[in-house]
1. Asp402 to Ala95: FRET efficiency via 1/(1 + (r/R0)^6), r the Cβ-Cβ distance, R0 25 Å, to the nearest 0.05?
2. Could you give the length gained by full extension between Ala165 and Asp202, i.e. 0.36 nm per residue of separation minus their alpha carbon distance, to one decimal place?
3. Among rounded, prolate and oblate, which fits the stretch 313-357 when a ≥ b ≥ c are the square roots of the eigenvalues of its C-alpha gyration tensor, a/c under 1.5 means rounded, and a/b larger than b/c means prolate?
4. May I ask for the distance between the Cα centers of the stretch 333-371 and the stretch 408-474, given as a whole number of Å?
5. Residue farthest toward the positive end of the dipole of the stretch 17-82, with Cβ of Lys/Arg at +1 and Asp/Glu at -1: which of Ile77, Leu29, Pro54?
6. Once Lys and Arg get +1 and Asp and Glu get -1 on their Cβ, which of Leu149, Val138, Trp200 lies farthest toward the positive end of the dipole of the stretch 32-222?
7. Taking the Cβ of each residue in Arg293, Arg346 as the centre, tally the other Cβ atoms inside 10 Å and list the residues starting with the fewest.
8. Please list the non-local residues whose amide H lies under 5 Å from the amide H of Arg134, H modeled 1.01 Å from N, same-chain partners needing a gap of 5 or more.
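Every number here is computed from the coordinates shown, using simple stated rules; none is lab data. Owing to the predicted nature of the structure, the values given are computational and were not obtained by experimental measurement. All Cβ positions, glycine included, derive from the backbone under ideal geometry; neighbour counts span all protein chains shown.
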Amino acid sequence: MGERQAPDPGHRSDLSDEVALYHRTYTTLLRSRGETRLRVLERAHVAMGSSLHPGAGGDGIDLGAFLYAVRRLPDEIAETRRIVIGQEPDHLRAAGVPLAEWPTTEARARRRLWHVGPWSAEPEEDGAPDRPGRTLAVLVSSASDVDDLVPTLVAFQIEWNKIRARLRAGGTAGVPSDPEELARVVGAAAEDWGRLRAAWGDRFTQRLETIRVHRCELRLRSLGTSNVGYARLTRDWWRPVRETLVREALHERPVYFVSSNVHALVNLVTGIAREREGELLAHVERHGPEDLRLELERIRLGRSDGSLENLLYYAARGAFARRPDALVRAERDAGVLDMAPAGALRLPVQVIPLDRIDAGRLDPRIGAVDAAALRASDAVIVNIDYPLGSSAYNILREIAVDVARLRGVYVLGKAATLNADVGDVLISGAVHDEHTRTTYWLDNAFTVEDLQDDLRYGTGLDNQKAVTVRSTFLQNRDHLDFYYREAYTVVEMEAGPYCAAVHELADADRHPVNEAVSLTRLPLDFGIIHYASDTPYTQARTLGAPGLSFFGMDSTYAGSLAILRRILRLEGALPEPGDAVGASA
């Protein structure tokens, strides 16, 4: 059971004053059913001194923060003046948003469903040219969605208007389109302008002209949210998964829940990427980035310690994305059931009955699997794409209430690191959750020995301490320094809510608030692994990037191998390290 201890004296009771003020400001403003101009939040946003937006209050352009926002907002944001936030489709329809008539869209780096309204013919105000007028309606799935969305919109608006001021003061005829010229005339680094040009593609020059002409003056309207509503939409998300489990006669089987991604585990168990090696390597040679092509050549020549399997898995993410139906059929034939998300909670789900897996198709790095034991297992892996923040609590609680037996919970997520480097793996024995101000002490199912042999580029660090923050923007240098002085080196968003749900699986009470709790005697196996995706002390140097490179993703495959080995050992299909090897496939 979760054992409560004395409160951890190392933790203050709330966020830093500036961050708390900003959070309180926008949450109270959004209680109004009317529209809020985002300009009223700019002062609190600047005063917060966000580590992701350190240049917010200066005259210079913080293009890193702007790129971060661009990738997490839909492309149509450049044509928008009003945003409506709703928790459920009925809320939006009742407010006059005809969802059935508005096309949907998503951002590149956030799984969030947006509905795109028509152009507005509203007059410009005060004689000043506001930006063109679309309305975007967005469904939010948790309080973390709001904590993520609002600061991102404010950062976008602040930097848009600074770019506008610089473009208008540049004195050039028209808008420069060359990154070097933009860096000279407008400011910021030419490399960042190049990244923005890559993000906007053919619309780059057009967008810059729109910025030069139109001021960004976004308005936000919230239709209200509730904890019950979040729980209801989580149940709506889980319902089709439950129906699939019943239809496949899997609903009474024990479950291992994995929160990771939808590309690693499926590659480890199906062998599809390895079967299509020639096709995928040809794709890398024709379309892959230069560093990936060079690494492939080094692997072929025996000059690299890199894994060919990992390279194939990485290449499959791009190559297979263009034919999802064929991939889903191939995965089903190999024992994996894929389910696409619906509604506000945009999380794909994979159901993997262990007795339907062909041991001969497993990644050879897993080890000598006992094929008979694998066929005899009645367990099912339910793997989801990792959620955002507090929705993790609702998801795990809903699943735990519904499934017959939950044997294990494993979390593989990304994090910022205060002491390591991008691509390293971090295993924590303690998690402090800013949502509940509670510290959880774990008997983590994983140690660095479980994955260090599979790390080719990164380093594994265990015995770390993690802090679950409310949002990537809701942290500043003092905030991070405070945690670093207390030896908290992993900054992430999901582990705390997962710990709260696990606590409720082992204790009669709801998750605690402002306490220290030991999760060392649980009725299930529990493990958390993080891979470092950025370093906030260097302003998250992956800001605006389309994702981790192959070399950074190496750690996700190592973590996935560790999780799958753990499950197979608990099911008796894989011997413990040092034990006699059973009958291999």
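1. E between Asp402 and Ala95, to the nearest 0.05, is 0.20.
2. Computed gain between Ala165 and Asp202 is 11.0 nm.
3. Oblate.
4. With the stretch 333-371 and the stretch 408-474 each reduced to a Cα centre, they are spaced 24 Å.
5. Leu29
6. The residue sitting farthest along the positive end of the dipole is Leu149.
7. Result, fewest neighbours first: Arg293, Arg346.
8. Placed amide hydrogens put Thr80, Arg81, Arg82, Ser120 under 5 Å from Arg134.
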